[in-house]
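> Quick one: structure below, then a few questions.
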Amino acid sequence: MTVGGHDILTDYRAARSLIGLVPQELAMTPFESVLATINFSRGLFGKPADPAFLQNVLTSLALWDRKDSKLVTLSGGMKRRVLIAKALSHEPQVLFLDEPTAGVDVELRQDMWQVVRELRDSGVTIILTTHYIEEAELMADRVGVINKGELVLVEKKEELMRKMGSKRMALQLNSPLQAVPAQFSKYHLTLAAGGKELVYTYDTKAEESGITGLLDDLATAGISFKDLQTTQSSLEEIFVDLVRKDR
(Lines give C-alpha, C1' and ligand atoms only; values in the text may rest on other atoms or scores of the structure.)
Protein backbone atom coordinates (compact mmCIF):
# COMPACT_ATOMS: atom_id res chain seq x y z
CA MET A 1 0.00 0.00 0.00
CA THR A 2 1.25 3.46 -0.84
CA VAL A 3 0.35 7.04 0.07
CA GLY A 4 1.34 9.63 -2.51
CA GLY A 5 3.64 7.05 -4.09
CA HIS A 6 5.40 6.19 -0.80
CA ASP A 7 5.20 2.66 0.57
CA ILE A 8 3.72 2.68 4.08
CA LEU A 9 6.27 0.07 5.28
CA THR A 10 9.53 0.73 3.45
CA ASP A 11 9.09 4.50 3.20
CA TYR A 12 6.86 5.05 6.21
CA ARG A 13 8.25 8.44 7.26
CA ALA A 14 7.44 10.00 3.91
CA ALA A 15 4.05 8.27 3.84
CA ARG A 16 3.15 9.48 7.33
CA SER A 17 4.13 13.03 6.47
CA LEU A 18 1.31 13.05 3.92
CA ILE A 19 -1.32 11.89 6.42
CA GLY A 20 -3.31 13.94 8.93
CA LEU A 21 -5.37 12.30 11.67
CA VAL A 22 -8.17 13.72 13.78
CA PRO A 23 -8.77 11.12 16.51
CA GLN A 24 -12.00 10.76 18.43
CA GLU A 25 -10.27 11.16 21.79
CA LEU A 26 -9.42 14.64 23.05
CA ALA A 27 -5.82 13.83 23.99
CA MET A 28 -3.68 16.99 24.14
CA THR A 29 -1.29 18.68 26.59
CA PRO A 30 -3.75 20.73 28.67
CA PHE A 31 -1.48 23.66 29.59
CA GLU A 32 -0.09 24.36 26.11
CA SER A 33 -1.53 27.23 24.10
CA VAL A 34 -3.46 26.60 20.91
CA LEU A 35 -0.74 28.13 18.70
CA ALA A 36 2.10 26.30 20.47
CA THR A 37 0.23 23.01 20.02
CA ILE A 38 -0.16 23.27 16.27
CA ASN A 39 3.35 24.73 15.86
CA PHE A 40 4.70 21.64 17.61
CA SER A 41 2.65 19.32 15.38
CA ARG A 42 3.99 21.03 12.26
CA GLY A 43 7.55 20.75 13.52
CA LEU A 44 7.16 17.01 14.20
CA PHE A 45 6.91 16.46 10.47
CA GLY A 46 9.95 18.61 9.69
CA LYS A 47 7.94 21.39 8.10
CA PRO A 48 9.54 24.87 8.17
CA ALA A 49 7.83 27.57 10.21
CA ASP A 50 4.97 29.23 8.36
CA PRO A 51 3.05 31.64 10.63
CA ALA A 52 0.79 32.83 7.82
CA PHE A 53 -0.33 29.30 6.98
CA LEU A 54 -1.05 28.46 10.62
CA GLN A 55 -2.95 31.71 11.05
CA ASN A 56 -5.09 30.79 8.05
CA VAL A 57 -5.79 27.35 9.52
CA LEU A 58 -6.79 28.77 12.90
CA THR A 59 -8.88 31.52 11.32
CA SER A 60 -10.78 29.02 9.14
CA LEU A 61 -11.63 27.07 12.29
CA ALA A 62 -12.60 30.20 14.26
CA LEU A 63 -9.66 29.69 16.63
CA TRP A 64 -7.39 32.63 15.86
CA ASP A 65 -8.84 34.75 18.67
CA ARG A 66 -8.02 31.91 21.07
CA LYS A 67 -4.50 31.24 19.77
CA ASP A 68 -2.90 32.14 23.11
CA SER A 69 -5.47 30.31 25.26
CA LYS A 70 -4.45 27.23 27.21
CA LEU A 71 -6.17 24.10 25.96
CA VAL A 72 -7.53 23.38 29.43
CA THR A 73 -9.67 26.53 29.20
CA LEU A 74 -11.40 25.52 25.96
CA SER A 75 -14.79 23.86 25.54
CA GLY A 76 -15.05 20.34 24.15
CA GLY A 77 -16.10 21.64 20.74
CA MET A 78 -13.17 24.05 20.55
CA LYS A 79 -10.74 21.30 21.58
CA ARG A 80 -12.04 19.19 18.72
CA ARG A 81 -11.36 22.06 16.33
CA VAL A 82 -7.80 22.26 17.71
CA LEU A 83 -7.43 18.57 16.82
CA ILE A 84 -8.39 19.40 13.25
CA ALA A 85 -5.91 22.30 13.21
CA LYS A 86 -3.17 19.94 14.48
CA ALA A 87 -3.98 17.47 11.72
CA LEU A 88 -3.82 20.22 9.08
CA SER A 89 -0.68 21.89 10.42
CA HIS A 90 1.73 19.91 8.21
CA GLU A 91 -0.40 20.24 5.03
CA PRO A 92 -1.38 16.58 4.55
CA GLN A 93 -2.64 15.08 1.30
CA VAL A 94 -4.78 12.49 3.10
CA LEU A 95 -6.90 13.41 6.13
CA PHE A 96 -8.56 10.87 8.44
CA LEU A 97 -11.49 12.24 10.44
CA ASP A 98 -12.75 9.97 13.22
CA GLU A 99 -16.11 11.30 14.47
CA PRO A 100 -14.87 14.91 14.12
CA THR A 101 -18.15 16.58 15.09
CA ALA A 102 -18.88 14.57 18.24
CA GLY A 103 -19.80 17.05 20.96
CA VAL A 104 -19.74 20.04 18.60
CA ASP A 105 -22.75 22.36 18.47
CA VAL A 106 -24.69 22.83 15.24
CA GLU A 107 -23.25 26.23 14.28
CA LEU A 108 -19.63 25.15 14.76
CA ARG A 109 -20.36 21.89 12.96
CA GLN A 110 -21.39 23.85 9.88
CA ASP A 111 -18.17 25.89 10.05
CA MET A 112 -16.10 22.73 10.31
CA TRP A 113 -17.78 21.14 7.33
CA GLN A 114 -17.10 24.25 5.29
CA VAL A 115 -13.39 23.82 6.05
CA VAL A 116 -13.61 20.13 5.08
CA ARG A 117 -15.32 21.02 1.79
CA GLU A 118 -12.57 23.49 0.95
CA LEU A 119 -9.92 20.86 1.71
CA ARG A 120 -11.71 18.32 -0.46
CA ASP A 121 -12.02 20.81 -3.30
CA SER A 122 -8.29 21.59 -3.02
CA GLY A 123 -7.45 17.94 -3.69
CA VAL A 124 -7.06 16.55 -0.16
CA THR A 125 -8.37 12.98 0.14
CA ILE A 126 -10.64 12.79 3.18
CA ILE A 127 -11.63 9.57 4.92
CA LEU A 128 -14.47 10.21 7.34
CA THR A 129 -15.97 7.87 9.92
CA THR A 130 -19.27 9.06 11.34
CA HIS A 131 -22.50 7.90 12.93
CA TYR A 132 -24.24 10.99 11.56
CA ILE A 133 -25.47 9.58 8.25
CA GLU A 134 -26.61 13.00 7.06
CA GLU A 135 -22.97 14.15 7.22
CA ALA A 136 -21.89 11.33 4.92
CA GLU A 137 -24.76 12.14 2.58
CA LEU A 138 -23.75 15.81 2.55
CA MET A 139 -19.98 15.38 2.21
CA ALA A 140 -19.05 12.03 0.69
CA ASP A 141 -18.22 11.11 -2.88
CA ARG A 142 -17.96 7.40 -1.99
CA VAL A 143 -19.63 5.59 0.90
CA GLY A 144 -18.47 2.50 2.79
CA VAL A 145 -20.81 0.66 5.15
CA ILE A 146 -19.30 -1.21 8.12
CA ASN A 147 -21.42 -3.72 10.02
CA LYS A 148 -20.07 -5.79 12.93
CA GLY A 149 -16.53 -4.75 12.03
CA GLU A 150 -16.84 -5.89 8.41
CA LEU A 151 -16.83 -3.60 5.38
CA VAL A 152 -19.93 -4.81 3.58
CA LEU A 153 -20.10 -2.26 0.77
CA VAL A 154 -18.11 0.52 -0.90
CA GLU A 155 -19.88 2.50 -3.60
CA LYS A 156 -20.08 5.93 -5.15
CA LYS A 157 -22.77 7.79 -3.23
CA GLU A 158 -24.90 8.67 -6.25
CA GLU A 159 -24.65 5.13 -7.64
CA LEU A 160 -25.51 3.62 -4.26
CA MET A 161 -28.60 5.77 -3.92
CA ARG A 162 -29.60 5.02 -7.51
CA LYS A 163 -29.17 1.26 -7.16
CA MET A 164 -30.49 0.73 -3.65
CA GLY A 165 -32.76 3.71 -3.08
CA SER A 166 -36.47 3.84 -3.62
CA LYS A 167 -38.88 6.66 -4.30
CA ARG A 168 -42.10 7.29 -2.47
CA MET A 169 -45.06 9.04 -4.09
CA ALA A 170 -47.80 10.24 -1.76
CA LEU A 171 -51.16 11.22 -3.28
CA GLN A 172 -53.38 13.46 -1.16
CA LEU A 173 -56.89 12.26 -1.94
CA ASN A 174 -59.95 14.43 -2.35
CA SER A 175 -61.99 11.84 -0.46
CA PRO A 176 -60.53 9.44 2.12
CA LEU A 177 -60.52 5.69 1.55
CA GLN A 178 -61.31 3.02 4.13
CA ALA A 179 -59.04 0.52 2.38
CA VAL A 180 -56.99 0.16 -0.78
CA PRO A 181 -59.29 -1.20 -3.52
CA ALA A 182 -58.52 -4.81 -4.49
CA GLN A 183 -57.82 -3.94 -8.13
CA PHE A 184 -54.75 -1.97 -7.02
CA SER A 185 -53.06 -4.93 -5.28
CA LYS A 186 -50.32 -5.12 -7.93
CA TYR A 187 -49.07 -1.66 -6.90
CA HIS A 188 -48.67 -2.59 -3.20
CA LEU A 189 -50.18 0.71 -2.11
CA THR A 190 -50.61 1.77 1.50
CA LEU A 191 -52.89 4.27 3.15
CA ALA A 192 -51.72 7.02 5.48
CA ALA A 193 -53.13 10.08 7.26
CA GLY A 194 -56.36 8.34 8.16
CA GLY A 195 -57.05 7.22 4.60
CA LYS A 196 -56.49 10.67 3.14
CA GLU A 197 -53.15 9.76 1.59
CA LEU A 198 -52.33 6.96 -0.84
CA VAL A 199 -48.66 5.96 -0.85
CA TYR A 200 -46.84 4.24 -3.72
CA THR A 201 -43.21 3.10 -3.32
CA TYR A 202 -41.25 2.15 -6.42
CA ASP A 203 -37.77 1.07 -7.39
CA THR A 204 -35.60 3.88 -8.80
CA LYS A 205 -33.58 1.47 -10.96
CA ALA A 206 -36.56 -0.26 -12.57
CA GLU A 207 -37.13 0.34 -16.27
CA GLU A 208 -40.74 1.26 -15.62
CA SER A 209 -41.85 3.10 -12.49
CA GLY A 210 -45.49 2.12 -12.90
CA ILE A 211 -46.64 5.65 -12.14
CA THR A 212 -48.41 6.20 -15.47
CA GLY A 213 -50.38 2.97 -15.12
CA LEU A 214 -51.28 3.76 -11.52
CA LEU A 215 -52.57 7.24 -12.37
CA ASP A 216 -54.60 5.86 -15.29
CA ASP A 217 -56.12 3.16 -13.08
CA LEU A 218 -56.96 5.71 -10.37
CA ALA A 219 -58.76 7.88 -12.93
CA THR A 220 -60.69 4.88 -14.24
CA ALA A 221 -61.70 3.97 -10.69
CA GLY A 222 -62.85 7.54 -10.03
CA ILE A 223 -60.27 8.13 -7.30
CA SER A 224 -59.09 11.73 -7.55
CA PHE A 225 -56.34 13.56 -5.70
CA LYS A 226 -55.53 17.20 -5.07
CA ASP A 227 -51.78 17.04 -4.64
CA LEU A 228 -48.83 14.65 -4.77
CA GLN A 229 -45.32 14.60 -3.36
CA THR A 230 -42.32 12.44 -4.20
CA THR A 231 -39.37 11.74 -1.93
CA GLN A 232 -36.29 9.54 -2.37
CA SER A 233 -34.75 7.21 0.20
CA SER A 234 -32.08 8.91 2.27
CA LEU A 235 -28.65 7.43 2.76
CA GLU A 236 -29.69 6.65 6.35
CA GLU A 237 -32.61 4.52 5.16
CA ILE A 238 -30.34 2.66 2.74
CA PHE A 239 -27.81 2.10 5.54
CA VAL A 240 -30.47 0.69 7.88
CA ASP A 241 -31.76 -1.65 5.15
CA LEU A 242 -28.24 -2.91 4.44
CA VAL A 243 -27.52 -3.60 8.11
CA ARG A 244 -30.83 -5.42 8.57
CA LYS A 245 -30.20 -7.62 5.53
CA ASP A 246 -26.75 -8.50 6.85
CA ARG A 247 -28.07 -9.81 10.18
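> State all residues of segment 147-169 that are assigned to a strand (DSSP E or B) and surrounded by 13 or more Cβ atoms within 10 Å (Cβ to Cβ); if no residue qualifies, say none. Explain how you work it out, then say what you get.
The initial filter retains those residues of segment 147-169 that are assigned to a strand (DSSP E or B), namely 147, 150-156, 166-169.
ASN147, VAL152, LEU153, GLU155, LYS156, SER166, LYS167, ARG168, MET169, listed by residue number.
> For segment 128-141, indicate whether the set of residues that are in contact with a Phe, Trp or Tyr (Cβ under 6 Å, 6 or more places away or on another chain) and over 30 Å from LEU218 (Cα atoms) is non-empty.
As a first pass, look at segment 128-141 and keep what is in contact with a Phe, Trp or Tyr (Cβ under 6 Å, 6 or more places away or on another chain): 133.
Checking the rest, the ones that are also over 30 Å from LEU218 (Cα atoms) come to 133.
Among the residues of segment 128-141, at least one is in contact with a Phe, Trp or Tyr (Cβ under 6 Å, 6 or more places away or on another chain) and over 30 Å from LEU218 (Cα atoms), which makes the answer yes.
> Just checking: which of the helices (runs of 4 or more DSSP H) contained wholly in segment 1-62 hold 1 or more residues that are modelled with pLDDT of 90 or more and assigned by TED's automatic domain parsing to the domain that holds GLY123?
Values: elements: 12-17, 34-44, 51-60.
Passing ranges, in order: 34-44, 51-60.
> If you don't mind, another one. Tell me yes or no: at least one residue of segment 113-120 is farther than 30 Å from GLU158 by Cα, free of Cβ contacts under 8 Å to residues at least 24 places away in the same chain and in a helix (DSSP H, G or I).
The initial filter retains those residues of segment 113-120 that are farther than 30 Å from GLU158 by Cα, namely none.
No, every residue in segment 113-120 fails to be farther than 30 Å from GLU158 by Cα, free of Cβ contacts under 8 Å to residues at least 24 places away in the same chain and in a helix (DSSP H, G or I).
> Now for a different question. Do we have any residue at all in segment 68-83 that's of a type in the set (Lys, Arg), within 20 Å of ARG120 (Cα to Cα) and touching a residue at least 12 places away in the same chain (Cβ under 8 Å)?
yes
> Right, another one. Among the residues of segment 106-142 satisfying the criterion of being aliphatic (A, V, I, L, M) and surrounded by fewer than 16 Cβ atoms within 10 Å (Cβ to Cβ), which is nearest to the chain's Cα centre (by Cα)?
Per the stated criteria, the residue is LEU138.
The values are calculated or read from the model by the stated rules, or taken from the named source; none is laboratory data. These numbers come from a predicted model, not from an experiment. Please note: Cβ atoms are built from the backbone with ideal geometry, for glycine as well, and neighbour counts cover all protein chains shown.
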